[in-house]
1. May I ask you to list the lysines whose Cα is less than 24 Å away from that of A:LYS139, ignoring any residue fewer than eight positions away on the same chain?
2. In Å², and per residue, what accessible area does the range B:8-119 have when probed at 1.4 Å with the other protein chains present?
3. Of A:LEU13, A:LEU165, A:ALA260, which is farthest on the positive side of the dipole of the protein assembly as shown, counting Cα position, with +1 on Lys and Arg Cβ, -1 on Asp and Glu Cβ, and the Cα centre as origin?
4. Checking the cross-link filter: which lysines have an alpha carbon closer than 30 Å to that of B:LYS4, excluding same-chain neighbours under 8 positions apart?
5. When the Cα atoms of the range B:45-88 are enclosed in a convex hull and the volume is divided per residue, what value in Å³ results?
6. Rounded to the nearest Å, what's the spacing between the alpha carbon centres of the range B:101-143 and the range A:38-97? Just the number, please.
7. Report the longest stretch of chain A that contains none of the GluC sites (Glu not before Pro) sitting in a DSSP loop with at most 13 other Cβ atoms within 10 Å.
8. Hand me the trypsin sites (Lys or Arg not before Pro) from the range B:88-127 located in a DSSP loop with no more than 15 other Cβ atoms within 10 Å, in residue order please.
Amino acid sequence: MEKLMPALAYALLAPLAGGLLAGADRIVSARMQRRVGPPLLQPFYDVAKLFSKGDVEVNSLQYPLALCHLLFMALAGALFFGGGDILLVIFVFTVAALFLVAAAFSSASPYSFVGAERELIIILAAEPALLIAAAAIYKVSGSLNFHAVAASGAPLIKQLPGVFLCLFYVLTMKLRKSPFDLSYSHHAHQEIVKGITTDLGGRTLALIEITHWYENILLLGLVYLFFAFSAPLALAAVALTYFLEVLADNTNARVRWQLALSSTWTITLLLAGGNLLALYALGGN
Amino acid sequence: MSLKKSPWLLHYDGSSCNGCDIEVLACLTPLYDAERFGVINTGNPRHADLLLLTGSINHQNEEVVRNLYAQMPEPKVVLAVGICATSGGVFADCYNVKGGADKVLPVDVYVPGCAARPEAIIDGIVRALGVLEQKRAAAEAKK
Ligand code: SF4
């Protein structure tokens with residue numbers, strides 16, 4: 001029961017929180033550009049509209065694949081907040097991302113293909129950082145369970161600053177923020193227009209948007225974990241992290257995939273890997 | 001109601017002199033900030049509700065315009081922005097120009113001007129949203 005409640009709460013409330021976060025994101029972005037920006041509920045209007053557009057799939061695979069994308073992402077988050085093994089969460093999270101890639105590959109559009117390939121590169125770039133983060137969390141707190149890590153009171157951020165910085169870098173990719181929004185951007189500056197969602201419209205796109213809300217809340221949950229020894233501090237850290245991501249989004253142009261991949265792996269190796277090695281070398285626990 | 005609050009538009013430059021296109025982009029700048037009304041310039045026909053055309057139709061872009069329109073999901077509206085897109089304007093008599101956007105597509109809203117001013121374009125978009133609602137109501141009544 002203790003496990004079920006947070007998992008259920010995530011499944012029901014994450015889309016709400018994620019949608020509001022997306023709305024706040026757009027307003028803050030607009031203010032950074034000296035604009036007024038859309039209403040806070042704009043993401044919900046958008047998704048409602050997309051559902052009302054009905055089925056515009058180019059083949060019969062897209063919608064079920066997008067549905068799996070959503071279900072696996074919700075499952076990953078429910079596992080995470082329900083106290084499942086974080087390693088398992090990372091695997092389910094990756095599977096969810098792969099369903100979106102499959103949906104994009106199922107169409108014949110070359111733009112959709114390029115978007116899908118870039119999404120694969122992003123998954124490839126982010127994966128090592130996530131796995132090292134899981135290993136490091138286990139090393140410090142002795143657990144891979146959200147609630148146990150939080151209850152252990154281990155100040156993860158003090159022992160894992162390198163891992164956290166690396167995670168911050170990877171978060172930019174996963175939140176689809178510039179300069180790493182190469183596969184699908186919410187903004188107008190993309191080179192391949194809508195990339196991975198080129199051929200995904202209507203209700204399929206609505207599902208993808210909702211999945212992205214689930215994803216964002218899950219990722220911010222991971223940020224929370226690093227500061228979990230003090231809840232108010234953790235919430236402030238989550239808010240600040242997201243704000244910095246929005247700032248990065250508004251102040252960076254896009255990088256090429258080669259740089260995205262190599263820089264992420266270098267940072268993962270140096271910051272996260274170095275952090276982990278130092279932990280072992282110093283033998284601290 | 002939701003349709004009206006989230007107009008995503010696709011902007012296609014037929015054979016415009018770029019004057020109207022600059023004004024279309026001006027609508028998104030801080031001074032006019034069309035995103036206040038939820039407007040997004042998507043660049044992808046499958047995501048678009050509004051097709052915004054600038055410049056006249058010629059023999060080369062005719063097929064492109066038809067193709068873009070065909071890819072947009074229903075309900076959809078077409079906006080002809082600038083006098084070139086409305087009627088061909090001063091280029092109407094050119095050997096290569098067929099005329100305004102309504103030579104190939106059912107245009108719902110005409111925004112005249114050379115170049116069309118951002119205020120007029122935003123006004124046109126707001127009117128187009130009214131048409132969009134009507135179209136959706138008509139489609140639902142048919143069902
Ligand atoms: S209406 Fe005027 S400004 Fe607009 S495309 Fe035609 S010539 Fe250019």
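1. Counting by Cα, and skipping residues close in sequence, A:LYS139 has these lysines nearby: A:LYS3, A:LYS158.
2. Working: 4680 Å² over 112 residues.
Heavy-atom accessible area per residue stands at 42 Å².
3. A:LEU13
4. A:LYS49, A:LYS53, A:LYS177, A:LYS194, B:LYS76, B:LYS103, B:LYS135, B:LYS142, B:LYS143
5. Values: hull volume 2.5 nm³, N = 44.
Each residue corresponds to 57 Å³ of Cα convex hull volume.
6. Centre-to-centre (Cα) distance: 33 Å.
7. A:3-190
8. Working: sites: B:LYS98, B:LYS103, B:ARG127; in loops: none.
Loop-located and lightly packed - none at all.
The values are calculated or read from the model by the stated rules, or taken from the named source; none is laboratory data. Given the structure is predicted, the values throughout are model-derived calculations rather than measurements. No Cβ is skipped: glycine too gets one built from the backbone with ideal geometry, and neighbour counts run over all protein chains shown. Calculation scope for accessible area: heavy atoms of the full protein, side chains included, ligands and nucleic acids excluded. Shrake-Rupley method; radii C 1.70, N 1.55, O 1.52, S 1.80 Å.
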